[in-house]
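What follows is a set of notes on a single structure, which appears directly below.
The values are calculated or read from the model by the stated rules, or taken from the named source; none is laboratory data. All values reported here derive from a predicted model rather than from experimental measurement. We place every Cβ from the backbone using ideal geometry, glycine too, and count neighbours over all the protein chains shown.
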Amino acid sequence: MSMDQQLQSLLDYQGDKVLSVYLDTDLSNKSKEAVRLEFRQRVAELERVAPRQVEAVQRLLDFDYDWQSRGLAVFVADGLWEVIPLPIPPRTRVTFTARPYVRILTDIGDRLGRYDVAVLDRARLRLFSVAWGKIQSETEAFGEDLKRHKQGGWSATGYQRHEDNLALRNLKQGIEVMQEFVERTGNRRLVLGGSPEVLAQVRELMPKPLLDQVIGEFVVDVGANPNEILSRSLDVLQEVDLEDERALVEQAITEAAKGGYGVTGLTDTLFALHQGQVRLLLVDETFHASGYLCSNCGFALSEKRDQCPMCQSDHLEETPDAVNVAIHKAADTGAEVNIVRENAELLRVGGIAAITRY
């Protein structure tokens with residue numbers, strides 16, 4: 001099962017209360033025993049209410065976990081056991097709530113996302129499919145040898161023209177292979193790598209539908225190590241995501257201010273989510289807030305009331321993380337979720353906002 005499928009499974013989960021555990025397992029700055037000790041400290045207050053779940057995670061850390069990933073997420077309940085190695089170390093957190101605590105997992109998926117990378121020169125094309133910060137697949141295509149001919153004279157000029165024509169043909173064929181690869185993976189974002197000269201030429205040759213999927217590029221040798229290519233592409237992705245997030249936050253705030261397709265603040269956003277109005281939920285990565293949940297109709301409130309304003313039920317239960325509730329509401333109603341970083345404007349309007357459908 002892919003991480004996307006695991007996340008969706010957690011979003012769909014309905015059942016007993018869930019122990020959700022996120023651990024920083026990056027052993028470059030700590031020992032295995034230090035990770036185990038931090039887990040025991042975090043779950044000390046939960047051992048009385050969730051002893052079997054705590055024991056299951058402890059057994060995983062003691063005997064079954066391979067310690068190869070930089071982070072770990074575990075979700076435990078009766079009938080639920082999900083272990084997800086993470087490509088980056090998360091903030092350590094333990095919760096025992098009605099639904100899986102997916103906020104951190106959603107943040108990682110949003111930050112790393114799914115995309116394709118094409119690295120090429122005039123003789124070689126390397127294609128990578130990336131998801132959750134890992135290379136999922138890699139393929140290569142080779143053209144004829146295109147080393148520059150360095151001899152002088154008329155014959156050298158003619159030979160060089162032949163090579164340039166061959167290079168152009170290779171690039172065109174490479175773009176066709178690239179198009180097929182992108183269609184096969186289904187990813188909507190493409191990052192290009194290569195020399196500045198080749199990248200400029202490739203952009204000129206690309207058909208517009210494929211060019212529209214290119215979100216950025218980086219300079220790299222076509223023979224570079226896959227880890228270097230992955231790292232450079234992730235840097236591009238982060239820059240692009242920050243720009244996209246700024247535009248989306250500005251759109252939500254502007255629409256909300258004029259009474260259009262946008263809302264800001266926890267109260268209005270929770271109401272819009274309950275009504276199924278939200279198309280895109282925007283949450284600042286540092287924003288946390290408790291809230292109340294109606295056990296009768298599922299409406300989430302930012303402040304305590306005697307009765308639910310939607311169904312007048314007096315069965316309101318406090319929830320320690322209203323943002324996690326909002327993310328589940330978004331998933332339940334088919335809305336997208338974007339965890340936003342480094343955005344003062346979103347914090348200014350309450351740390352949470354949404355672009356609505358109507």
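If the condition is being out of contact with any helix residue (DSSP H, G or I) (no Cβ under 7 Å at 6 or more places or on another chain), surrounded by 13 or more Cβ atoms within 10 Å (Cβ to Cβ) and either at pLDDT below 95 or assigned to a helix (DSSP H, G or I) (or both), then the stretch 41-56 contributes Arg42, Gln53, Val54, Glu55, Ala56. When the stretch 258-289 is filtered for residues that are of a type in the set (Ser, Thr, Tyr) and modelled with pLDDT of 95 or more, the ones remaining, listed by number, are Tyr261, Thr264, Thr267, Thr269. Quick check: is even one residue across the stretch 304-322 within 21 Å of Asp110 (Cα to Cα) and either more than 21 Å from the chain's Cα centre (by Cα) or outside the structural domain of Asp12 (by TED's automatic domain parsing) (or both)? Yes, because at least one residue in the stretch 304-322 is within 21 Å of Asp110 (Cα to Cα) and either more than 21 Å from the chain's Cα centre (by Cα) or outside the structural domain of Asp12 (by TED's automatic domain parsing) (or both). Which one of these does Arg246 not meet: (1) under 25 Å from Tyr115 (Cβ atoms); (2) free of Cβ contacts under 8 Å to residues at least 40 places away in the same chain; (3) basic (Lys, Arg)? Failed condition: (2).
Evaluating Leu211 against the criteria (1) in contact with a helix residue (DSSP H, G or I) (Cβ under 8 Å, 6 or more places away or on another chain); (2) crowded, with 17+ Cβ neighbours inside 10 Å leaves one unmet condition, (2). Report the residue count in the stretch 1-33 for those that are in a helix (DSSP H, G or I) and surrounded by 12 or more Cβ atoms within 10 Å (Cβ to Cβ). Here the count works out to 10. State whether the residues of the stretch 190-200 include one that is touching a residue at least 40 places away in the same chain (Cβ under 8 Å), out of contact with any helix residue (DSSP H, G or I) (no Cβ under 8 Å at 6 or more places or on another chain) and either outside any helix (DSSP H, G or I) or in the same structural domain as Leu120 (by TED's automatic domain parsing) (or both). Yes: the stretch 190-200 contains one or more residues that are touching a residue at least 40 places away in the same chain (Cβ under 8 Å), out of contact with any helix residue (DSSP H, G or I) (no Cβ under 8 Å at 6 or more places or on another chain) and either outside any helix (DSSP H, G or I) or in the same structural domain as Leu120 (by TED's automatic domain parsing) (or both).
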